[in-house]
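The values are calculated or read from the model by the stated rules, or taken from the named source; none is laboratory data. Fair warning: this is a prediction, and the values are worked out from it, not measured in the lab. Positions of Cβ are generated from backbone atoms using ideal geometry, with glycine treated the same way; all protein chains shown enter the neighbour counts.
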Amino acid sequence: MLILYEDLDKARRKRQELIRRMLSTIELLQSSIVKETALLTPQDLAYGQGTAAKQGTALEVNGILGETAAVAVPDTGSCFNLLSEKKATTMGLSPIAGTQGQMTLPNGTKVMSPGQVQLAFSFDGENEKHDLLCSILPGATRDLVLGSAFLKATRTMTDYAHRIKKMSYRLAKPSLKLIGAEQDVLGGYINGSECLAVPDTGSDVMAISLKHARSLGLKVHRKDRHRTLVEFLDGSRVRTKGIAQAEWQFAYGEAPIRCDFHVIKGLPVDAILNNTMLDEYDVFRQYEERIGSSESLQSTVSRGIYGISLVEVCEQKIRSLSDSYSDDINSDTPFTPEKVERERARRDEIRDTIAQIPDEALRATKRDQEFLRKRLWDEYRKSHLEANTSTKTTQDRNTTASHGNQDNSKKV
C-alpha cells in the first residue's frame, strides 16, 4: 500500500511539472507574439507586415483631358503634373522642344523626361478648363498624375475635396509616388524633434530617410520581415532598409501618433506621411496654413518653421523664469520686498511670453501651469506672513511678561 501511495505521489508531481512547463511555454509564445506585433501599427496592418490580405487606399479624380475622359491620380508628393509616355503616344502628343529634364525618385535616382506637353483639363461635372503642363514620364504606372501645385491652385485637397474618389483595394505591393525634390512640406515632430514631412497622397507607406532616422537615433529593424518592396511612379522598385518605430506629432502639445516608418536610403526628404494618415486626420483642411515649401516656411522668422522655433524659445524663457522662482521660494528670505517685486515682474513676463506661443493647446496648458504656480506662491507667502505674525506675537507676549516680572521684583 505504501509503494502504491508513493507511485501516485510521483505521478502527481510529474503531472504538475508537466503543467508548469506547458504554462511556461504558452507564456513564452505569447511574449514572442507581442514582440512581433509590437512592430505593427494600424497603418502597417493595412498595407504591410505579416498580413495575407494587404489593403491599400487609392485616390482618383475623374475629368476630361483635352477631349478625352481621364482618370487622374491626385499626388501631393509630386512636384510635377505627369503624363505617361504611353498615354502621350496614344493621344498623338509630342513634347515641347527644349523642355526635357531630370526628375528625382524617392531613392535619389534620376530619371529623364523627354519633355512637357500643354493640355486642357476640366474636372468631372465642371465647365471650367485649366491649363495643365505635364511632364512625360517613361514607364509611368498611371496615365495622368496631378501634382501638388495644380492641386493647391484648384483647391482640390481642401474646398473641393468632393472631386476625389477613395477606394480600398488589395495591395499587391505598396507604392511611393513621391517625385521631384521640391515638395510642399508640413512641419511636425518625430519623437519630439523637429521634422519637415511631405504629406504624400500617392504614398501607401509612412517613410523616413535613412539619414534622418540615424540623426534621430532611431533603431532600424532590419530583418527580412521588416523590409518591404515598394514601387515608384516610373515602375521601378526598391527594397526598404527596414522599419523604424517613432511617434509623430502634427503640433507641439498634441497627442503623439505611434507609427512604423519604412526606412529608405537616399530619400530626398526627411519623412513622408502616407495617404491613410492624411485621410484619417484630414490633414489638408486641418493644417492647410502650415503646408508649404520649406524655403517659404523657414523664411518666416517671426514664427520659425510652423511656429516650432518660437515654441521652443518661449518654453526656454518660461523655464528660466520658473527656475528663478524656485531659487527665491527656497531661499532663507523668500518674501523680502525685493523678491515680492521680482515675483510681480515675473508674472507679467510669463504672461506675455505665453501669449506669444502660436499653438493654442500648448498656450492653454501653460496658462493653467502658471495659474497653479501663482496660487502656490500666494499660499506660501500667506503661510509665511502668518507664521511671522504668530512668532512676533509670541515674542511680544514674552517681552511683556518679562517686563512684568521685572516690575514685580522691584516692588518686592
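Couple of notes before you dig in:
- Among the candidates Ile136, Ile164, the residue that is among the hydrophobic types (A, V, I, L, M, F, W, C), farther than 30 Å from Lys265 by Cβ and touching a Pro at 6+ places or on another chain (Cβ under 7 Å) is uniquely Ile164.
- If you go through segment 89-107 and keep only what is part of a loop (DSSP other than H, G, I, E, B) and either among the hydrophobic types (A, V, I, L, M, F, W, C) or surrounded by 14 or more Cβ atoms within 10 Å (Cβ to Cβ) (or both), you end up with Met91, Leu93, Pro95, Ile96, Ala97, Thr99, Gln100, Leu105, Pro106, Asn107.
- Verdict on Glu312 being on the phi < 0 side of the Ramachandran plot, modelled with pLDDT under 75, in the same structural domain as His384 (by TED's automatic domain parsing) and not β-branched (Val, Ile, Thr): yes
- When Ser193 is tested against the conditions (1) in contact (Cβ under 8 Å) with a residue 40 or more places away in the chain; (2) touching a Leu at 6+ places or on another chain (Cβ under 9 Å), the lone failure is (1).
- Members of segment 122-146 found to be crowded, with 17+ Cβ neighbours inside 10 Å and over 22 Å from Tyr281 (Cβ atoms), listed by number: Phe123, Leu132, Cys134, Ser135, Ile136, Leu137, Ala140, Arg142, Asp143, Leu144, Val145
- Residue list for segment 329-372, filter: polar (S, T, N, Q) and modelled with pLDDT of 90 or more: Thr336
- Meets criteria (part of a helix (DSSP H, G or I), surrounded by fewer than 11 Cβ atoms within 10 Å (Cβ to Cβ) and outside the structural domain of Glu254 (by TED's automatic domain parsing)) for Asp323: yes
- For segment 190-227, the set of residues classified as crowded, with 21+ Cβ neighbours inside 10 Å, in contact with a Gly (Cβ under 9 Å, 6 or more places away or on another chain) and in a loop (DSSP other than H, G, I, E, B) consists of Asp200, Thr201, Gly202, Asp204, Val205, listed by residue number.
- Looking only at segment 165-189, residues that are modelled with pLDDT of 75 or more and surrounded by 18 or more Cβ atoms within 10 Å (Cβ to Cβ) come to 6 in all.
- Scanning segment 153-168 for residues that are closer than 12 Å to Thr201 by Cβ and part of a helix (DSSP H, G or I) yields a single hit, Ala161.
- Leu229, sole failed condition from (1) touching a residue at least 40 places away in the same chain (Cβ under 8 Å); (2) within 15 Å of the chain's Cα centre (by Cα): (2)
- From Val269, Val230, residue being within 29 Å of Glu85 (Cβ to Cβ) and in a loop (DSSP other than H, G, I, E, B): Val269
- Of the candidates Thr158, Thr154, Thr228, the single residue that is touching a strand residue (DSSP E or B) at 6+ places or on another chain (Cβ under 7 Å) and either closer than 25 Å to Gly125 by Cβ or at pLDDT 90 or above (or both) is Thr154.
- Residue in segment 268-280 that is under 17 Å from Thr57 (Cβ atoms) and surrounded by fewer than 17 Cβ atoms within 10 Å (Cβ to Cβ) present: yes
- A count restricted to segment 109-137 and to residues that are touching an Asp or Glu at 6+ places or on another chain (Cβ under 8 Å) and of a type in the set (Gly, Ala, Ser) stands at 2.
- Figure legend. Inter-residue proximity from segment 69-86: first residues under 20 Å from Asp124 (Cα atoms), second residues basic (Lys, Arg) and buried (at least 24 other Cβ atoms within 10 Å of the Cβ), beta-carbon distance below 8 Å, spacing 6+ or different chains. Indicated pairs: Val73/Lys177; Asp75/Lys177.
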